[in-house]
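I have placed the structure first, in the form of structure tokens, so that the comments after it can refer back to it.
Every number here is computed from the coordinates shown, using simple stated rules; none is lab data. Just so it is clear, the structure is predicted and the values come from calculations on it, not from any experiment. Counting neighbours? That spans all protein chains shown, and the Cβs are built from the backbone with ideal geometry, glycine included.
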Amino acid sequence: MKDSTTKDRIFTGLTVLIIWQILYNFVDVEIFKVSPLSVLQNIYENILTREFYLDIFYTLAFTLCGIILGILIAILLTYLSYKSTFIMELSKTLVMIFKAVPIVSFIVFFLFFVSSKYLNIFTASIVSHQIVFTNIMEGLSNIDEEYIFMAKMYRAKKYLIFKYIYMDHLMPYLKATLSVAIGMAFKASIAAEVISHPKYGLGTRIYESKIYLDLNELVTYSIFIVLISYLVEKIVLRCLDARD
């Protein structure tokens, strides 16, 4: 399959804007009318305010903290699970529970114990942890044991075995899992902010747009969330590619 070019992306973006404008012209209820031009104007007005950058900073900082925390926990549990079948079964059970229980339940649960300001750290870590753990465990299970046996037979150093066997084999799994985990973690983080509505956060602004029936503001901040999540994902993947 051919990779999309810059020309293709521009054409797709223009097509979306045209369809959006056509739909705008067909909507009769004024409160639901959001045109591309009105959103662009709202974006311009928001980037001139101090609160806008505080919202981005708090959402981005706490979500990234949650993602990093989730990845570290997943790596630790993966290592322990690789060494112990008991911990493996325990970890799989926890991941199964995390997958089955709605993220909203975790958000409400943490609200009993955690300040709304830091809630998205925990929600982002739960979501990223289960995705990273599942994919890395799958990668480890697919490593050919003969490579490890031969490396040990030739008395290769442990860090060389880790670098050239484990890391080289796990890197595709890590890239794929981070691509999914980052987007899902941002969704969970924003959901936590919408429910807990801390003083600063993009989710709080979305909650306020619902209170004031401001669909223009809702679309504006949704666009910012998508862009931030996309940029973070691309930066992380570029860093991993640079490692190769």
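Over all distinct Cα pairs, what is the inverse of the mean 1/r for the stretch 38-120, reported as the Kirkwood hydrodynamic radius in Å? It would help to have the intermediate numbers written out before the result.
Numbers: mean 1/r = 0.0629 Å⁻¹.
Hydrodynamic radius (Kirkwood, Cα pairs) of the stretch 38-120 is 15.9 Å.
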- Query: How high is the relative contact order of the stretch 130-244, given as a whole-number percent (alpha carbon pairs under 8 Å, six or more residues apart)?
  - Reply: 24
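Restrict the search to the stretch 140-235; then list the GluC sites (Glu not before Pro) that DSSP places in a loop and that have at most 10 other Cβ atoms within 10 Å of their Cβ.
none
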- Item | Selected from Phe11, Asn42, Ile182, residue furthest toward positive end of dipole (the chain; charges at beta carbon) | Ile182
- Item | Candidate values [x] 1.23; [y] 1.01; [z] 1.82, label of the one derived for Cα Rg over 2.2 N^0.38 Å | [x]
- Mean separation of Cα contacts under 8 Å, 6 or more apart, over the residue count of the chain: relative contact order %: 25
- Inter-label distance, nm, simple model (7 Å from Cα along the C-beta direction), Phe162/Asn142: 2.3
- Task: Could you please state, rounded to a whole Å, how far the C-alpha centre of the stretch 183-220 is from the C-alpha centre of the stretch 53-72?
- Result: 15
- Select from Gln130, Met171, Phe110 the residue farthest towards the positive end of the dipole of the stretch 82-232; place +1 on Cβ of Lys and Arg, -1 on Cβ of Asp and Glu, and compute about the Cα centre. Met171
- Query: What spacing in nm lies between the two simple spin-label points modelled at Cys239 and Ser84, each 7 Å away from Cα in the Cβ direction?
  - Reply: 3.0
- Item | Extension gain (nm, one decimal) between Lys210 and His169, 0.36 nm per residue minus Cα-Cα | 10.1 nm
- For the stretch 213-230, Karplus couplings with θ = phi - 60° (6.51, -1.76, 1.60), whole Hz, Gly/Pro x: 6, 9, 5, 4, 5, 4, 5, 4, 6, 5, 5, 4, 4, 4, 5, 5, 4, 5
- Query: Taking +1 at the Cβ of each Lys and Arg and -1 at the Cβ of each Asp and Glu, which of Leu76, Leu60, Ile161 sits farthest along the dipole of the chain towards its positive end, judged by Cα position relative to the Cα centre?
  - Reply: Ile161
